[in-house]
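The structure appears right after this line, and notes come after that.
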Amino acid sequence: MATVRQPLDFSPRKRPSQRRSRETFDALVEACAGLLARRGYAETTTNHIAERAGVNIASLYEYFPGKDAIVAQVAERLVERVLARLAEAADEVMAAGGEDAVRLWIERIHEIVSRERELVAVFVYQVPYTRELAPVEAVGARLLELSQEVRRRAGGTLARELSDAGLHLLINLVTSTILQCILDPPPGVAPRELLDELVRRVEAWLPRPR
């Protein structure tokens with residue numbers, strides 16, 4: 001008989017309002033992020049988190065019901081950090097324009113995700129409930145919103161001919177290829193080759209200016 005997993009509690013017990021409480025809350029989340037990247041999900045415990053954060057275990061349980069609620073906060077901050085950097089990179093690419101815009105955009109995405117490689121790998125390969133976390137579930141929709149804004153600002157042929165379905169396909173192609181390039185590059189293919197081929201494919205797919 002299959003074991004039924006009990007629902008996990010991903011919500012903090014309380015959200016801090018005072019400066020000192022916020023510092024403790026943040027220290028616990030940052031400690032968890034560092035431990036996940038170094039030790040992995042299975043080897044990170046609430047005792048490890050409290051010790052690294054410099055607080056006693058009672059303080060940890062004042063804010064969180066258990067490890068998974070802290071992990072959920074790490075995921076939320078990771079998603080917000082990456083999306084904020086992607087928005088900044090989109091501004092940079094739109095300002096630069098020119099024939100190398102696609103290459104610049106893909107290289108910026110690669111750089112941003114690479115900076116978070118250890119944590120991303122933990123959530124992709126180790127955390128058993130990653131897809132259940134609300135911020136992770138919302139990533140696709142938020143990437144689409146960002147892409148729609150880029151399309152709107154680009155105007156011209158791109159805005160007229162690249163549908164939302166086309167944006168979805170482009171997002172899936174770019175994100176899956178970059179994740180593979182960073183986390184699990186295919187044997188015999190250098191990451192640079194993979195990125196160069198991705199640039200060529202995206203450039204060939206995008207509508208040409210008229």
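The values are calculated or read from the model by the stated rules, or taken from the named source; none is laboratory data. Small disclaimer: the values here were computed from a predicted structure and weren't measured. Ideal geometry is used to build each Cβ from the backbone, glycine not excepted, and the neighbour counts take in all protein chains shown. Accessible surface is based on the protein model in full, side chains and every heavy atom, while ligands, DNA and RNA are left aside. Shrake-Rupley method; radii C 1.70, N 1.55, O 1.52, S 1.80 Å.
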If R₀ is 22 angstrom, what is the calculated FRET efficiency for the pair residue 139 and residue 91, using the beta carbon separation as r and rounding to 0.05?
0.65
For residue 83, what accessible surface area do you get with a 1.4 Å probe? Give it in Å², rounded to 10.
20
For the stretch 170-210 and the stretch 65-144, compute the distance between their C-alpha centroids and round to whole Å.
17
Mean accessible area per residue over the stretch 1-105 (1.4 angstrom probe, all protein chains present, square angstrom) is 58
Where does the charge balance sit around residue 152 when Lys and Arg score +1, Asp and Glu -1, over other residues with C-beta under 13 Å from its C-beta?
0
Let me make sure I get this right: for the stretch 143-210, a, b and c are the square roots of the gyration tensor eigenvalues over alpha carbons, sorted descending. Under 1.5 in a/c it's rounded, otherwise prolate if a/b > b/c, else oblate. Which is it?
prolate
Please work out the FRET efficiency for the pair residue 14 and residue 43, using the Cβ-Cβ distance as r and a Förster radius of 41 Å; give the result to the nearest 0.05.
0.90
Taking all protein chains in place and a 1.4 Å probe, what share, in percent, of the accessible surface of the chain do carbon and sulfur account for?
51
Ordering 176, 147, 17 by accessible area with a probe of 1.4 Å, largest first, what comes out?
17, 176, 147
Using the Cα gyration tensor of the chain, the equivalent ellipsoid's semi-axes, largest first and to the nearest Å, work out to 37, 19, 16
Please give the solvent-accessible surface of residue 184 in Å², to the nearest 10, using a probe radius of 1.4 Å with every protein chain present.
90
Largest-first ordering by accessible area, 1.4 Å probe, given options 105, 205
205, 105
Go from 0 up to the bin containing the longest alpha carbon distance in the stretch 1-98, width 5 Å each, and give me the % of pairs per bin.
2, 12, 19, 19, 14, 10, 8, 6, 5, 3, 1, 0
Sequence order, the stretch 63-79: Karplus ³J(HN,Hα) from phi using 6.51 cos²θ - 1.76 cosθ + 1.60, θ = phi - 60°, Hz rounded, Gly and Pro as x, gives 9, 10, x, x, 4, 5, 5, 6, 4, 4, 5, 4, 4, 4, 5, 4, 4
